[in-house]
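The values are calculated or read from the model by the stated rules, or taken from the named source; none is laboratory data. Computed from a predicted structure; not experimentally measured. Backbone-built Cβ (ideal geometry, glycine too); neighbour counts: all protein chains shown. Accessible surface is based on the protein model in full, side chains and every heavy atom, while ligands, DNA and RNA are left aside. Shrake-Rupley method; radii C 1.70, N 1.55, O 1.52, S 1.80 Å.
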Amino acid sequence: MKGFVFQNPTKIIFGKGKISKLGEEVKPYASKVLLVYGRGSVKRNGVYDEVTKSLKENGVTFVELSGVKPNPVLSKVKEGIKIARKENVGAIVAVGGGSVIDTCKTIAAGFYYDGDIWDAFVGKYKVERSLPIFVVLTISATGSEMNGGAVITNEETKQKFSFWTNASYPKVSILDPSVQFSLPPIQTLNGAADAIAHVLELYFDGTPNTLILDELSEGIIRTIISSTETLIKSPHDYDARANLVWSATLALNGINGTGRNGGDWSSHAIEHSLSALYDIAHGSGLAVVFPAWMKYVYKEDVAKFARLARKVFNVSAENDEEAAVKGIEELKEWFRTIGLPVTLKEAKIPEDEIEKVVENASMRTPFGKLKRLYPDDVREILKLCM
Ligand code: NZQ
Ligand code: ZN
């Protein structure tokens with residue numbers, strides 16, 4: 001295990017009915033906020049009403065930015081920065097999932113930056129100042145509710161890039177699992193795949209002697225798998241929802257990254273190119289890319305891949321090589337069985353456009369810790385996605 005500093009400043013308020021706490025949490029920071037949400041689910045499931053009621057009861061006024069789309073875009077961020085400045089808000093309230101939260105983090109950072117906030121995504125500006133961010137989470141997937149990351153697509157350049165900074169952790173995130181009863185089934189599955197991918201990006205980064213983290217990781221994945229299977233049959237099972245919600249947060253709130261090498265993140269880099277070009281859901285893209293990446297790199301650390309196979313999928317095998325290969329198939333098969341795409345074709349991505357994806361990914365290559373990947377490697381991984 002490597003040495004590390006771990007500090008996560010986000011306060012989590014977890015449980016049924018907890019959205020009513022929002023106003024009193026925001027009040028010490030701001031009397032006027034920018035309230036940001038997506039394309040309408042929060043109006044249909046009553047979350048918007050709960051949020052605005054709590055703000056009003058605490059004397060917090062708000063202006064709104066709605067219509068944030070999945071795979072959120074830079075133009076929406078800029079619209080938000082304009083409103084936030086014009087209305088001189090003191091904080092941002094995100095009501096939604098990763099797309100809304102990341103839009104808010106970027107608005108909150110851009111509020112204080114005179115240049116183009118895209119600079120933060122291309123390493124020209126280090127975000128050190130941000131408006132306070134409050135989150136009401138409505139879909140579990142990204143962990144954005146408890147981390148300092150933001151992922152935004154620049155629609156003009158087709159770059160889906162991220163920044164990570166201590167200034168962007170939400171002050172408070174409210175996680176009420178029952179608000180996720182209204183999720184379309186595919187969104188629950190996308191979230192499960194994303195959270196598993198986060199655990200595995202960290203698990204497979206080549207750091208030796210990380211037993212406590214490995215046990216934690218395997219426990220999180222087993223919990224995601226069993227909770228998701230319960231939710232497929234009973235979408236309103238509160239306990240399964242609660243376990244999935246907290247698992248997804250723990251997957252990428254930093255705790256699971258302690259003592260490691262920073263994570264591999266190659267599958268995410270390749271998936272972000274797919275989302276940037278074809279606007280597919282991040283979790284679905286990962287279900288396609290992750291098993292292919294595993295197949296391509298497992299020889300770099302056969303014992304670890306065999307460990308995952310045995311501890312998560314109960315694989316029995318004569319040797320590590322056989323276990324590793326079986327484990328990769330098990331994960332792919334699980335994605336397929338629950339209803340996620342596992343090939344480019346199933347994700348409706350034209351197979352004859354692989355070069356476009358390689359070119360897009362090459363804006364960021366080389367990437368990866370377990371194995372350093374270059375455009376030729378990305379091409380081979382994409383071929384394994386067919
Ligand atoms: O727009 P609305 O109508 O709200 O619908 C949303 C959206 O269509 C819907 N939804 C959310 N909560 C709902 C609901 N529908 C019914 N009931 C509810 N309770 O779900 C759809 C997907 O929402 P989105 O926010 O896009 O999902 P997710 O949380 O998976 O976020 C994905 C984005 O986050 C990025 C991804 O790349 C992608 O852009 N990521 C962010 C990370 C981070 N900041 O740490 C890390 C991740 O690896 C990831 O890259
Ligand atoms: Zn992800």
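Counting only heavy atoms of the protein chains, get the accessible area per residue of the chain (1.4 Å probe) and round it to a whole Å² value.
Value for the chain: 40 Å² per residue.
Using packing as a proxy for protection, rank 347-355, 234-242 so that the peptide with the highest average count of other Cβ atoms within 10 Å comes first.
234-242, 347-355
Step through the residues of segment 54-66 one at a time and calculate ³J(HN,Hα) from phi using the Karplus curve (6.51 cos²θ - 1.76 cosθ + 1.60, θ = phi - 60°), rounding each to whole Hz and writing x for Gly and Pro.
Rounded to whole hertz, the list is 5, 5, 4, 4, 9, x, 9, 8, 8, 10, 10, 10, 10.
Taking just the alpha-carbon atoms of segment 11-179, what radius of gyration and Dmax come out, in angstrom?
14.5, 43
May I ask you to evaluate 6.51 cos²θ - 1.76 cosθ + 1.60, the Karplus curve with θ = phi - 60°, for each residue of segment 365-381 and list the ³J(HN,Hα) values in order in whole Hz, giving x for glycine and proline?
5, x, 9, x, 9, 4, 9, 6, 10, 10, x, 4, 5, 4, 4, 5, 5
Per-residue counts of other Cβ atoms within 10 Å, averaged by peptide: what ranking do you get for 215-228, 184-197, highest first?
Descending mean neighbour count gives 184-197, 215-228.
Which order do W265, W293, W164 take by accessible area at a 1.4 Å probe, largest first?
So, going from the largest accessible area down, we get W164, W265, W293.
Round to the nearest 10 and give me the degree value, 0 to 90, for the angle of helix 238-251's Cα axis relative to the longest principal axis of the chain.
Once rounded, the angle reads 80 degrees.
Around L175, what is the net charge, scoring Lys/Arg as +1 and Asp/Glu as -1 over all other residues with Cβ under 12 Å from its Cβ?
My count for the surroundings of L175 gives +3.
Around K27, which amide H atoms from residues at least 5 apart in sequence, or from another chain, sit under 5 Å from its own amide H, with H modelled in the peptide plane?
none
Using only Cα atoms, tell me the angle between helix 98-110 and the longest principal axis of the chain; keep it within 0 to 90° and round to the nearest 10.
With rounding to tens, the tilt is 60 degrees.
Hey, how many Å between the Cα centroid of segment 346-386 and the Cα centroid of segment 85-142?
Rounded to whole Å, the Cα centres lie 29 Å apart.
What is the sum of charges around A242, taking Lys and Arg as +1, Asp and Glu as -1, for the other residues whose C-beta is under 11 Å from the C-beta of A242?
-1
Which of the peptides 12-18, 26-32 is most tightly packed, and how do the rest follow, going by the mean number of other Cβ atoms within 10 Å of each residue?
Listed from highest to lowest mean packing, they are 26-32, 12-18.
Report the far tail of the P(r) of the chain, meaning the percent of Cα-Cα pairs longer than 41 Å.
10 percent
In whole angstrom, note down how far apart the Cα centers of segment 48-83 and segment 257-282 are.
Cα centroid of segment 48-83 versus Cα centroid of segment 257-282: 27 Å apart.
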